[in-house]
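As C-alpha cells, the structure follows; a few thoughts come after it.
The values are calculated or read from the model by the stated rules, or taken from the named source; none is laboratory data. Note that the structure is a prediction, hence the values are computed from the model and not measured. Using ideal geometry, Cβ is built from the backbone for each residue, glycine included, and neighbour counts are taken over all protein chains shown.
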Amino acid sequence: GFFQTLAMIPGVSRSAATIIGGMSQRLTRKTAAEFSFFLAVPTMFAAAGYKLMKNYAAINTDNISMLIIGNIIAFIVALLAIKSFITYLTKHGFKMFGYYRIIVGVAILVFLALGYDLTID
C-alpha cells in the first residue's frame with residue numbers, strides 16, 4: 001500500500017514502486033511483479049467503470065457488440081503483455097529499465113539546460 005501511494009509522485013511508476021516494495025519484503029522478482037499486476041486490477045476496473053458511466057449516453061445497441069469485442073481483445077492482449085513482461089523480468093531483471101530512466105533523465109536535463117520549454121499543454 002505504501003509503495004503504491006509513491007506512484008502519486010509525478011514520474012514514479014506504480015508497477016515499479018509496488019514491485020520494489022514487494023522485493024523489499026523479500027518476494028522474488030517474479031512474485032513481486034505478479035502481485036503488482038494483481039494490485040492494478042481493482043484500479044483498472046474502477047477506471048473502466050467510471051469511463052462507462054461518464055460515456056453512457058454514447059453507448060447504444062448499434063455499438064455495444066463492438067464495445068464487448070474490443071474489451072475482450074484488450075483483455076487478452078493485456079494478459080499476454082503481462083505474461084511477457086513477467087517472463088522478461090524473471091530472466092533479465094530491472095537493469096534495462098534503470099538505464100532507460102537514467103538516459104531519459106539526462107536527456108531532459110540537457111534539453112532544459114539548452115532552454116527548451118518541455119511543458120505539456
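I'd like the residue in segment 20-39 that is in contact (Cβ under 8 Å) with a residue 24 or more places away in the chain and buried (at least 16 other Cβ atoms within 10 Å of the Cβ) and, out of all such residues, is farthest from L67 (Cα to Cα).
Filtering segment 20-39 for residues that are in contact (Cβ under 8 Å) with a residue 24 or more places away in the chain and buried (at least 16 other Cβ atoms within 10 Å of the Cβ), the one farthest from L67 (Cα to Cα) comes out as R29.
Can you name the helices (runs of 4 or more DSSP H) wholly within segment 1-107 that have at least 3 residues being touching a Phe, Trp or Tyr at 6+ places or on another chain (Cβ under 9 Å)?
Details: elements: 2-5, 14-24, 29-54, 64-92.
Answer list for segment 1-107: 14-24, 29-54, 64-92.
I'm told N71 meets every condition in (1) of a type outside the set (D, E, K, R); (2) more than 29 Å from G11 (Cα to Cα); (3) surrounded by 10 or more Cβ atoms within 10 Å (Cβ to Cβ); (4) at pLDDT below 90 except one. Can you identify the failing condition by its number?
(2)
Exactly one condition in (1) at pLDDT below 90; (2) over 17 Å from I19 (Cα atoms) is false for I76; which is it?
It fails just one condition, (1).
If you go through segment 113-121 one residue at a time, do you hit one that is surrounded by 11 or more Cβ atoms within 10 Å (Cβ to Cβ), of a type outside the set (D, E) and modelled with pLDDT under 90?
Quick first cut of segment 113-121, residues surrounded by 11 or more Cβ atoms within 10 Å (Cβ to Cβ) only: none.
The answer is no, given that none of the residues of segment 113-121 is surrounded by 11 or more Cβ atoms within 10 Å (Cβ to Cβ), of a type outside the set (D, E) and modelled with pLDDT under 90.
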